[in-house]
Structure formats: structure tokens, C-alpha cells
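Visitor: The structure follows.
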Amino acid sequence: MSKILKQVLEANKAYSNDFGDKADLPMPPGRHFAILTCMDARLDPAKYAGLAEGDAHVIRNAGGRASDDAIRSLVISYKLLGTREWFVIHHTDCGMETFTDNTIRDLLASSLETATVDENGWHDTGTGPGSTEGDFIDWLTIADQAKSVVEDVRRIKEHSLVPPGIPVYGYIFDVKSGRLIEVPEATQAGKARHKTSAAA
Ligand SMILES: [Zn+2]
């Protein structure tokens, strides 16, 4: 058994021994909100946003981007499970800023082994063959953190399956301080819009 597999199963045993009344949690998130954020190992949404089991949905992918699949999860989150407020949280020093579509496509075409990175960028040192399948994926890389948060909040807000009444807040998590820093332009774009009466 791999060392990691053993460690994970041991940790899980300890966790489940202390599971207690979490067995009775309902499926819908008790605090009615969802967070879309990056998979980066330094980010722990339960800690940075104060979540306990049962509180909120956390949707994660590389970059915390509003991909079609992230939107699929958000739509299920409100339509079937009742969330009413959403966060898009990207972060400083994101790996998605270190490459472009062409970079990763070239690396994958060269080999399927783990690439290396230095001050001159990414290099492939593996032995091939690689694959050109990467050419058909939009990798959703990030050139500017604040801009990517605004883009993603805007894409979610403008999506035809997202009701206008859900506010979407845009933030950047600072990996040096643990703080959430607002992206005002994103929060502005993400404001809930309510139907106004004819007289208003
Ligand atoms: Zn990241």
C-alpha cells in the first residue's frame, strides 16, 4: 500500500470515529451559499471562510474558473439545493498564471511526464510519446488575477441558467496573509438584480 494511501485511510478512521451528530446533517447547505475557488493546496476554504460540514458548497478546479462544469455545479447548487449567494475566489501566486494554452499543449505533445519549471519557464524533460489532445482543451489560464475574477463573475451572472437575484462576490485570497481581498469591479458586476415594478 502506498504511504499516502495508508495515511489517508488512517486519518479517515480517526475522523469517522469522531463523526457524531454529523450523521444527521441534511443534504442542502445549511448556510445557503457556494464558493467557487482554486484547487491550490495552500487554500483551505473551510478555514479561510469559516465552514463546518453541512454549511456550504465548495466547487474547485484549476484556477477557480467559471468553466462550463463549474456553472453546472452552481446551477445544481441553487436550483436543487437552495444556495442564494455565491463567491468566486481566485488567489495570488496561482499556478494558472505561469503558463498559456500553447505552453501546456507543447509540454503534453512532448511527453506525459511531469514537467519542470525554472526562471526561464516550463520545460519538458520526459520521454515521449506525448499527445496532441491538449490542443482541444481550453485550459482557462490566468493573465491577470483581478481581471479573471471579473470575467468569471460576469460569465456566471450573464449565464442564461443563473437567476438575476443571486449576488456573486469576487475576491482574491492572498497566500501570504490568508486574507480575502475584494475585487470591487467583480462585486459590482455580480450584484443581485431584482425585478423592479413598473412604477419604480
Ligand atoms: Zn490557483
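Only the coordinates and a few stated rules stand behind these numbers; no lab work does. Since this is a predicted model, take the numbers as computed values, not measurements. Cβ atoms come from the backbone with ideal geometry, glycine included; neighbour counts cover every protein chain shown.
Visitor: Magnitude of the Cβ-charge dipole of the chain, K/R +1 and D/E -1, about the Cα centre, nearest 20 debye? Don't skip to the answer; put the middle values down first.
Guide: Details: 22 positive and 29 negative charges, 204 e Å.
Result for the chain is approximately 980 debye, rounded to the nearest 20.
Visitor: Give me the distance between the Cα centres of the range 39-98 and the range 113-148, rounded to whole Å.
Guide: What the calculation gives is 23 Å, centre to centre.
Visitor: Asp135 to Asp18: FRET efficiency via 1/(1 + (r/R0)^6), r the Cβ-Cβ distance, R0 30 Å, to the nearest 0.05?
Guide: Numbers: r = 48 Å, r/R0 = 1.59.
Efficiency for this residue pair is about 0.05.
Visitor: Would you mind computing, in nm to one decimal, how far apart the modelled labels at Gln188 and Leu80 are, each placed 7 Å from Cα along Cα→Cβ?
Guide: Result for the modelled spin labels: 3.7 nm.
Visitor: Another question about this same structure. Please give the calculated 222 nm ellipticity per residue for the chain, where each DSSP H segment of at least 4 residues contributes -39500 (n - 2.57) and the sum is spread over every residue; nearest 500 deg cm²/dmol?
Guide: Working: 6 runs with 61 residues, N = 200.
Taken over the chain, the calculation gives -9000 deg cm²/dmol.
Visitor: Greater than 22 Å separation of Cα atoms is the criterion. Which listed pairs, Lys3/Lys176; Lys22/Lys47; Lys79/Lys157; Lys22/Lys176, meet it? Intermediate results must be reported in sequence, preceding the final value.
Guide: Values: Lys3/Lys176 30 Å; Lys22/Lys47 18 Å; Lys79/Lys157 15 Å; Lys22/Lys176 33 Å.
Those over the limit are Lys3/Lys176; Lys22/Lys176.
Visitor: If you scale each eigenvalue of the Cα gyration tensor by 5 and take the root, what three semi-axes come out for the range 83-159, rounded to whole angstrom and sorted largest first? Intermediate results must be reported in sequence, preceding the final value.
Guide: Numbers: eigenvalues 180, 45, 18 Å².
Those come to 30, 15, 10 Å.
Visitor: Could you grab the Rg to Rh ratio for the range 64-118? Cα atoms only, Kirkwood for Rh. Mind dumping the intermediate values first?
Guide: Numbers: Rg = 16.4 Å, Rh = 14.2 Å.
Ratio value, two decimals: 1.15.
Visitor: Within 10 Å, count the other beta carbons around each residue, average over each peptide in 166-174, 92-100, 41-49, and list them highest first. Before the final figure, lay out the partial values.
Guide: Numbers: 166-174: 21.7, 92-100: 16.3, 41-49: 14.8.
Listed from highest to lowest mean packing, they are 166-174, 92-100, 41-49.
Visitor: Let me know the Rg and Dmax you get for the chain when you use only its Cα atoms, in Å.
Guide: Answer for the chain, Rg first and Dmax second: 19.8, 69 Å.
Visitor: Let me ask you something else. Below 20 Å, Cα to Cα, which aspartates and glutamates can Lys191 reach? Residues fewer than 8 away in the same chain don't count.
Guide: Glu85, Glu151, Asp152, Glu158, Glu182
Visitor: What spacing in nm lies between the two simple spin-label points modelled at Leu180 and Leu5, each 7 Å away from Cα in the Cβ direction?
Guide: Result: 3.8 nm between the two label points.
Visitor: For the range 1-42, what are Rg and Dmax over the alpha carbons, in angstrom?
Guide: For the range 1-42, the Cα radius of gyration and maximum Cα-Cα distance read 14.9, 40 Å.
Visitor: Return the ratio Rg/(2.2 N^0.38 Å) for the range 1-70, where Rg is computed over Cα atoms only. Could you put the intermediate results ahead of the total?
Guide: On the way: Rg = 14.7 Å, N = 70, 2.2 N^0.38 = 11.1 Å.
Relative to the 2.2 N^0.38 Å estimate, the range 1-70 comes out at 1.33.
Visitor: With labels modelled as points extended 7 Å from the Cα through the Cβ direction, what inter-label distance (nm, one decimal) is found for Leu112 paired with Glu97?
Guide: The answer from the label model is 3.2 nm.
Visitor: Is the range 36-149 rounded, prolate or oblate when judged by the Cα gyration tensor, a ≥ b ≥ c being the square roots of its eigenvalues, rounded requiring a/c under 1.5 and prolate requiring a/b larger than b/c?
Guide: On the way: a/c = 2.47, a/b = 1.95, b/c = 1.27.
Prolate shape, in that a/c is at least 1.5 and a/b is the bigger ratio.
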